[in-house]
Amino acid sequence: MSEGWAWPLNSRKAHYFEEGRSLCGRWMFFGSQDQPEGLGEQPGKDDCVVCWRKAKQRVASTQTSS
């Protein structure tokens, strides 16, 4: 299963999903997801801030372990 940003039905924000669950833990989604792209320095106005922070931490931890 892929990971990336998606807009679940009835959600006000885009959430980052991994294995069907959002990183914020509030949503499940099994539809098509956008491929992960580089994260900016600030979350976008339509991004879930909790998902964005956790995705940013994941990127930082993979870069330091490589």
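Points to keep in mind about this one:
- All aspartates and glutamates inside 12 Å of LYS54 as judged from Cα atoms, apart from same-chain residues fewer than 8 positions distant: GLU18
- Given 14 as the ceiling on other Cβ atoms within 10 Å, longest exposed-site-free region of the chain for trypsin sites (Lys or Arg not before Pro) in DSSP loops: 46-66
- Think of the chain as having a plus end and a minus end, set by charges on the Cβ of Lys, Arg, Asp and Glu; of LEU39, VAL59, LEU9, LEU9 sits farthest toward the positive end of this dipole.
Where a number appears in this text, it was derived from the coordinates with a stated rule and is not lab data. The structure presented is a predicted model; accordingly, all values stated were derived computationally and were not measured. Every residue, glycine among them, receives a Cβ derived from its backbone with ideal geometry; neighbour counts consider all protein chains shown.
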